[in-house]
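Presented below is the structure to which this report refers.
The values are calculated or read from the model by the stated rules, or taken from the named source; none is laboratory data. Predicted, not measured: the structure shown is a model, and the values here were computed from it. Glycine gets a Cβ as well: all are built from the backbone with ideal geometry, and neighbour counts include every protein chain shown.
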Amino acid sequence: MPKDSFKALAVSKDHPRWEALTSRPKPLYARGDDIRSPFSRDYTRILHSTAYRRLKHKTQVFYNIGNDHICTRMEHVHHVESVSVTIAQNLGLNVELTRAIAIGHDLGHAPFGHYGETVISRLAKKHLKDRFWHEKNGLRFVDKLELLKDPYDVCRNLCLTYAVRDGIISHCGEVNEHGLFPREELFDLDAFTAPGQYQPATWEGCVVKLADKIAYLGRDIEDALTLGFLDESAKRKLLKMARRYDEKAVNTTVVMHNFITDVCDYSSPETGIGLSPACREQMDELKAFNEKHIYRHRRFEPFKKYAGLVINQLFETLRASYKGKNTIAALRENLAFAPLLLQTFTEWLACYCEPDILPEGELKNKASRCDNEKIYEDLSTKELYIQAILDFIAGMTDRFAIEVFNELITY
């Protein structure tokens with residue numbers, strides 16, 4: 001398609017739903033000299049958030065925190081940003097919105113990658129009759145958990161725009177062969193009850209959703225080769241695939257280039273954001289290869305068991321301190337047992353509880369500087385406390401989870 005073929009559909013000030021797409025759960029403080037657009041402001045709020053910074057020590061696919069050359073969740077996020085921005089620029093879509101969705105799309109990922117997500121989901125089902133999935137958790141983080149200081153030193157929630165929040169919760173799900181089209185209705189995002197249930201509300205969100213698939217395929221293969229996951233038979237299959245598409249290698253840059261140019265050439269407002277039949281076939285082939293030779297590899301079994309052991313033990317340790325409205329006091333009384341884990345959790349928990357259950361002193365003073373929704377109320381039910389534990393663990397990096405777990409076994 002010609003360059004800028006989607007320009008008339010981009011989320012701009014002329015867009016008929018501009019006001020709704022740029023609306024926020026609560027108004028942000030205003031700066032008279034701010035030169036940023038609403039979406040550029042979202043981007044920098046995400047960039048300065050704790051959840052974003054922690055992505056550098058969260059597993060993407062391969063757990064290898066000691067190897068600087070293995071892809072982390074943060075690197076993946078920026079691959080997605082690179083792919084989606086290149087496509088958005090070519091199609092004439094809003095680059096600032098695309099960039100903000102891309103950088104924020106994985107904020108809700110648990111430690112230890114998808115294996116950690118599976119463990120937390122099992123705990124949520126057992127104790128809360130609910131399920132954990134990182135897209136919904138990403139929305140929960142940006143809406144309820146992440147706090148940033150305003151110019152008056154008061155911590156407030158991120159309060160991102162509807163379009164960016166929508167892009168975060170809707171980024172997962174398969175990309176069908178007929179292309180991606182934005183949904184028409186701008187409903188309450190709590191209506192999402194499963195991954196991929198609804199398409200994004202913007203063309204920019206559709207681009208990020210497809211870019212997410214493009215970004216990881218080649219990089220996962222590169223990491224698998226670096227770590228010796230692929231035997232000679234698998235390597236021959238890779239070479240055969242490369243030659244079929246007239247390439248000398250299958251890696252991140254080759255895959256990204258081929259798919260990016262194809263998306264830009266093939267997508268149109270009539271056919272949606274998508275790939276040509278030939279590239280869809282190539283993507284399906286790569287996904288099948290990765291599933292067979294990488295994601296189901298037997299070398300992941302020890303990692304899965306370890307991730308389960310760490311997360312389950314942290315959960316049980318924190319759960320043992322529940323004493324209703326007196327839980328904060330109980331946590332402080334047990335500090336000698338696991339000082340780093342319990343102190344960190346107590347300080348974090350206090351920011352989301354009603355002030356009247358907090359003791360006088362530094363803890364209450366810190367919480368008083370947080371003007372946010374007190375989502376755990378007064379901890380009067382065990383379900384509220386368990387949700388707090390799961391939120392806390394989900395926010396951890398692999399490195400911190402291991403550190404506080406080791407504290408338990410060296411006590």
Region 296-317: number of residues that are part of a helix (DSSP H, G or I) and either over 24 Å from the mean Cα position of the chain (by Cα) or exposed (fewer than 14 other Cβ atoms within 10 Å of the Cβ) (or both): 8
Which listed residue is in a loop (DSSP other than H, G, I, E, B), modelled with pLDDT under 90, surrounded by 14 or more Cβ atoms within 10 Å (Cβ to Cβ) and among the β-branched types (Val, Ile, Thr), from Val255, Val250: Val250
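Okay, residues lined up against (1) closer than 21 Å to Leu160 by Cα; (2) surrounded by 23 or more Cβ atoms within 10 Å (Cβ to Cβ); (3) aliphatic (A, V, I, L, M):
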position	(1), (2), (3)
Glu19	yes, no, no
Thr22	yes, no, no
Ser40	yes, no, no
Lys58	no, yes, no
Ala88	yes, yes, yes
His105	yes, yes, no
Outside the structural domain of Leu384 (by TED's automatic domain parsing), within 15 Å of Asp398 (Cβ to Cβ), modelled with pLDDT of 95 or more and surrounded by fewer than 24 Cβ atoms within 10 Å (Cβ to Cβ): does that describe Glu96? no
When the residues of region 313-346 are filtered to those that are out of contact with any helix residue (DSSP H, G or I) (no Cβ under 7 Å at 6 or more places or on another chain) and not hydrophobic (A, V, I, L, M, F, W, C), which remaining residue is farthest from Ala367 (Cα to Cα)? Glu316
Taking into account only those residues within region 348-362 that are modelled with pLDDT of 90 or more and part of a helix (DSSP H, G or I), which is surrounded by the fewest Cβ atoms within 10 Å (Cβ to Cβ)? Asp356
Looking for something modelled with pLDDT of 95 or more, touching an Asp or Glu at 6+ places or on another chain (Cβ under 8 Å), part of a loop (DSSP other than H, G, I, E, B) and of a type outside the set (A, V, I, L, M) - is there at least one such residue anywhere in region 63-80? no
